[in-house]
Each structure stands twice: as structure tokens, then as C-alpha cells.
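Chemist: Here it is: the structure, laid out below.
Every read-out reported here was derived from the displayed coordinates using simple, explicitly stated rules and does not represent laboratory data. Everything quoted here is computed from the prediction, not taken from an experiment. FYI the Cβ positions are ideal-geometry reconstructions off the backbone, even for glycines, and counts take in every protein chain you see.
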Amino acid sequence: MFNGIRASLEGEALVWYSIVQNSCHNFSDFEHLFLQRYWSERQQSKIRTNLLVGKFDSSKGTSREFYFTSKYSVARYLTPPIPEEELVKYLSRHFDFTIARAVTSQQIRNYQEMTDLLREFDELYSTKGQ
């Protein structure tokens, strides 16, 4: 079992595990330490704050769709959970006014609808050379 945990981790998490592995007598011990380290209230608070104040930066070379998906994929595991419609609303505010307005006018409420919209914007801006 512990080899499976080691094989699943990489980077900082793997280094952390090599330090704490002797404290893990079963999976429950590992889960408790892992969540304490990587999914604590403090970590979740940072994610919630970013949901409210984060902004998409096109100069970083990331597509709008990928930016949204990466933020959404983490935020959907927050405790207590944020409803999908609210996540979409919060993350839509990370983009320019045109996208935020499209979300409102098209009544976009879920992940699929939002990624479809952002893919259209990504394609539009890439053909304009932006």
C-alpha cells in the first residue's frame, strides 16, 4: 500500500512523504497528515480568496479555458462545497468584462457551458493574434 502512495506523489509532496512515512501506520494516518498539510483550512482559505479576487493574465500564455479548468478543478473540492453555478460566477469575474457579460446574458451556469464559451473566446483571440 505505501509503495502505491509513494508512486502517486511527485515533487514537494514526494519529499514531504519521505519525511513523514514512518508516522503512517495505515492509510488513515497518511490521509490525516496529507490533508493537514495540503488541504487545511488555511490552504482552502487561500483558494477561496483567489476565487474572489483572482484575475486571468493572458500574458502568461495560458488559454482562458485551461485557466478556468485548473481553478475550477481545485475549487470544487472545497469544504464546505461551493455550488457549481457559484463557482462559474466567481471564476467568470476573473476574465474581462466581455466574458463576464456573456456569462450573464447567455445564462451560463455550469462547467461545460463555461468551457465552451471560453474556447470560443480563445479561438477568437488566437485568430486575431492576441
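Chemist: Expressed in nm to one decimal, what extension gain is obtained for the pair ILE47 and GLN21 from 0.36 nm per residue of sequence separation less their Cα-Cα distance?
Modeler: On the way: separation 26, 0.36 × 26 = 9.36 nm, distance 2.71 nm.
Once the chain is fully extended between ILE47 and GLN21, it gains 6.6 nm.
Chemist: Where Lys and Arg each count +1 and Asp and Glu each count -1, what net charge lies around CYS24 among other residues with Cβ under 15 Å from its Cβ?
Modeler: On the way: positive: ARG6, ARG37; negative: ASP29, GLU31.
Once positives and negatives cancel, what remains is 0.
Chemist: Take the alpha-carbon centre of the range 1-22, take the same for the range 79-108, and report the distance between them in whole Å.
Modeler: Between the Cα centre of the range 1-22 and that of the range 79-108, the gap is 36 Å.
Chemist: If we count other beta carbons within 10 Å of each Cβ, what is the order of SER58, SER92, fewest first? Write out the running numbers ahead of the final one.
Modeler: Numbers: SER58 14, SER92 19.
Going from sparsest to densest Cβ surroundings: SER58, SER92.
Chemist: On to the next question. Taking 0.36 nm per residue of sequence separation and subtracting the Cα-Cα distance, how much length would be gained by fully extending the chain between ARG6 and SER40, in nm to one decimal?
Modeler: 10.1 nm
Chemist: Based solely on its DSSP helices, what 222 nm [θ] is calculated for the chain when runs of n ≥ 4 H residues each add -39,500 (n - 2.57) and the sum is averaged over all residues, nearest 500 deg cm²/dmol? Before the final figure, lay out each step's value.
Modeler: Numbers: 8 runs with 89 residues, N = 130.
The helix contribution divided over the chain gives -21000 deg cm²/dmol.
Chemist: Kyte-Doolittle mean at least -1.0 and Cα extent at least 20 Å along the axis: which DSSP H helices of the chain qualify?
Modeler: On the way: long enough: 111-127 (24 Å, -0.84).
Counting only whole DSSP H runs, the qualifying helices are 111-127.
Chemist: How high is the relative contact order of the chain? Use alpha-carbon pairs under 8 Å, at least six apart in sequence, and give a whole percent.
Modeler: Numbers: 67 pairs, mean separation 26.6, N = 130.
So the answer I get is 20 percent.
Chemist: While we're on this one: Would you please give the FRET efficiency between ASN110 and LEU33, computed as 1/(1 + (r/R0)^6) with r the Cβ-Cβ distance and R0 = 25 Å, to the nearest 0.05?
Modeler: Details: r = 34 Å, r/R0 = 1.38.
For R0 = 25 Å, the calculated efficiency reads 0.15.
Chemist: Which entry is the computed percent of Cα pairs over 20 Å apart for this structure: (i) 55; (ii) 48; (iii) 52?
Modeler: Only one option fits the structure, namely (i).
Chemist: Order these by the 10 Å Cβ neighbour count, fewest first: VAL20, VAL88. Mind showing how you got there, number by number?
Modeler: Numbers: VAL20 13, VAL88 21.
Fewest-to-most Cβ neighbours within 10 Å comes out as VAL20, VAL88.
Chemist: Still on this structure: Compute the signed sum of charges (Lys and Arg +1, Asp and Glu -1) over the other residues within less than 13 Å, Cβ to Cβ, of LEU35.
Modeler: Values: positive: ARG37, ARG42; negative: ASP29, GLU31, GLU41.
Net local charge, LEU35 excluded: -1.
Chemist: Another one. Could you give the length gained on full extension between ARG76 and LEU14, defined as 0.36 nm per residue of separation minus the Cα-Cα distance, in nm? If you can, show how the numbers build up before the last one.
Modeler: Working: separation 62, 0.36 × 62 = 22.32 nm, distance 2.40 nm.
That pair, ARG76 and LEU14, stretches by 19.9 nm at full extension.
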